[in-house]
Amino acid sequence: MNPNNDEDEISLRDQLKKFAVKGLLGFQTILLFGIGQRLGIFEYLQNKVTISSEGNELSSINFTPDELALELGLDPIYLDGWLHMAIEFGMFEIDDSCKKCIKTAPFIYYLLVDKENLFYIGNILHGFYYMAVFQDRFVANFKTGENFNPFELPDEIKEVTQRMSAGLGLVIERVFSENCEDHKDRLDNGGLLLEVGCGFGFNLENWAKKYPNSKMVGIDIDSQAVENANTIIDKHNWKPRIEILCTETSDYTSTHSDEFDVIVLNQVLHETDTKENYRQKVFQNLYTLLKDDGLLIVGEHMIPDIYAPNQAKYYEIMHKWFEVGIGSHFYDEKSFRQFIESTPFQKAELIQDGRNYFWAVSKR
Ligand SMILES: C[S@@+](CC[C@H](N)C(=O)[O-])C[C@H]1O[C@@H](n2cnc3c(N)ncnc32)[C@H](O)[C@@H]1O
C-alpha cells in the first residue's frame, strides 16, 4: 500500500510520461549540455553577452549555426545535429528576427550560460554528464565494495565537481551574509578569512569578489588544484591580498601564527580521511587558527534517512553516491553535534534558509 495518498491517483499513463518523456528529456539535457560545454558553446555565448551588452543585462542571445561552426572550429553537420536536439529539448528556439538564426530559450541564459547567476545549474548537469564515464568502474565496485580515490580523478573532472561545490559555496555566502552580521562586517572591513581545502579556487574567488577589503588565505593538499587557484589570483591581481598554499592544515598551523576572523570549510569534510581521530586533529588545528570570537563555517550535506517520513530531499540524497563512489563519510544533525563535542569547539549552530544551510561553529 502506498503511504502517499497523492500517488494513489497516478495512472500508468502518468508514470510512463514521467520516465519516458520527462526522464528522457532530463537525460538528453545532461548529454547535450555536457557536450556543448566541452565544445565551448556556452562559454562562447557568455562571451558574446559580455562583449555586446556593455553593462546592460541581456536575457537572450542569438547566433547562427555558421557563426558557431566558424568561431569554434566545429563540423557543421555535427553541430546541426546537436542544435536540432538542443532546440527539441528546449535549450534554444528559432529566432525569426533574422535568417537561419537561433536564440537561447527563456531563462536559459540564467540556467545554463551565466555562471554567476543564482539559478545556474550548468555545473550540476556537467557533473552528472561526467559520471557516465565511470560506469564500468562503478559496476565493478558494486561487486568488490572498493571506492574511487578522488585525487586520482582527471583534472577536467575534478574541476567540474569543484565548480559544483563552489556553486554551493556561493549559496552559503548568501546565507552567511544575511545571518552573521558581525562576521560579515569584519570581512567588509579588512577581516582575515582562511579557506581550508580551497581546491581550484572557485569558491575563494567568489568570496574574494564579495569582500574586496578582506585578506584571504587558501590552503589545499592537491598541488594541481593549488596551481589553478594561483592562476585565478594572478588573473585578478589579488596578490599579496590573497595567498594560496599547498599544505596540510597541521603543517600550516605549526608554521603560521595568523588568527582568522572566519574559516571556511566548504564541501571538504566528507573528502577528508574518514578516521574520526584524523578529523578531530583537523578541527583542533582549526581551533588554533580561529580568533576567540571567530566563526568556522562548515558547508556539508546531511543525507536524510530515506525511510523516515517527510525527510527525502532529492539533492541531499544524491550525496549517497559519494559514500559508495569515493568512500565519503557524512554526518547527520545529531552525529555532527557529537563530533563537535569531541573537539575543543563549544558551539555548533545550524544556520538555515529554506533548503540551504551551513554549520556555524564557534569557540563559545
Ligand atoms: C570538493 S573540493 C571543495 C573545494 C572548495 N572548497 C569549493 O568549495 O569549491 C574538496 C577539496 O578539499 C581538499 N582536501 C581534502 N582533504 C584535505 C585536507 N586534509 N586538507 C586540505 N584540503 C583537503 C581536496 O584536495 C579538494 O580540493
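Computed from the coordinates by the stated procedures, all read-outs in this text should not be read as laboratory data. All figures in this text were calculated on a predicted structure; none of them were measured in a lab. Glycine also receives a Cβ, built like all others from the backbone with ideal geometry; neighbour counts cover every protein chain displayed.
Hey, can you tell me all the residues within the range 236-257 that are part of a helix (DSSP H, G or I) and surrounded by 17 or more Cβ atoms within 10 Å (Cβ to Cβ)?
Across the range 236-257, the qualifying residues are T249, Y252, T253.
Take the residues in the range 235-268 that are free of Cβ contacts under 8 Å to residues at least 40 places away in the same chain and among the aliphatic types (A, V, I, L, M), then tell me which one is farthest from the ligand (Cβ to nearest atom). Applying the filter and picking the extreme gives I242.
Got at least one residue in the range 297-305 being of a type in the set (G, A, S), more than 14 Å from the ligand (Cβ to nearest atom) and at negative phi? Checked the range 297-305: no residue is of a type in the set (G, A, S), more than 14 Å from the ligand (Cβ to nearest atom) and at negative phi. Of the residues making up the range 179-224, just one is part of a loop (DSSP other than H, G, I, E, B) and of a type in the set (D, E), namely D222. Within the range 131-150, can one find any residue that is part of a helix (DSSP H, G or I), within 16 Å of the ligand (Cβ to nearest atom) and in contact with an Asp or Glu (Cβ under 8 Å, 6 or more places away or on another chain)? Yes, some residue in the range 131-150 is part of a helix (DSSP H, G or I), within 16 Å of the ligand (Cβ to nearest atom) and in contact with an Asp or Glu (Cβ under 8 Å, 6 or more places away or on another chain).
Of all residues in the range 151-173, those satisfying the criterion of being more than 8 Å from the ligand (Cβ to nearest atom) and either at positive phi or touching a residue at least 60 places away in the same chain (Cβ under 8 Å) (or both) are D155, E159, V171, I172. Of all the residues in the range 269-304, those that are free of Cβ contacts under 8 Å to residues at least 40 places away in the same chain, assigned to a loop (DSSP other than H, G, I, E, B) and of a type in the set (D, E, K, R) number 2.
Only residues that are outside any helix (DSSP H, G or I) and loosely packed, with under 15 Cβ neighbours inside 10 Å were counted across the range 305-353, and they come to 19.
Mind checking which residues of the range 306-364 are charged (D, E, K, R), in contact with a strand residue (DSSP E or B) (Cβ under 8 Å, 6 or more places away or on another chain) and in contact (Cβ under 8 Å) with a residue 60 or more places away in the chain? Answer for the range 306-364, where residues must be charged (D, E, K, R), in contact with a strand residue (DSSP E or B) (Cβ under 8 Å, 6 or more places away or on another chain) and in contact (Cβ under 8 Å) with a residue 60 or more places away in the chain: K363, R364.
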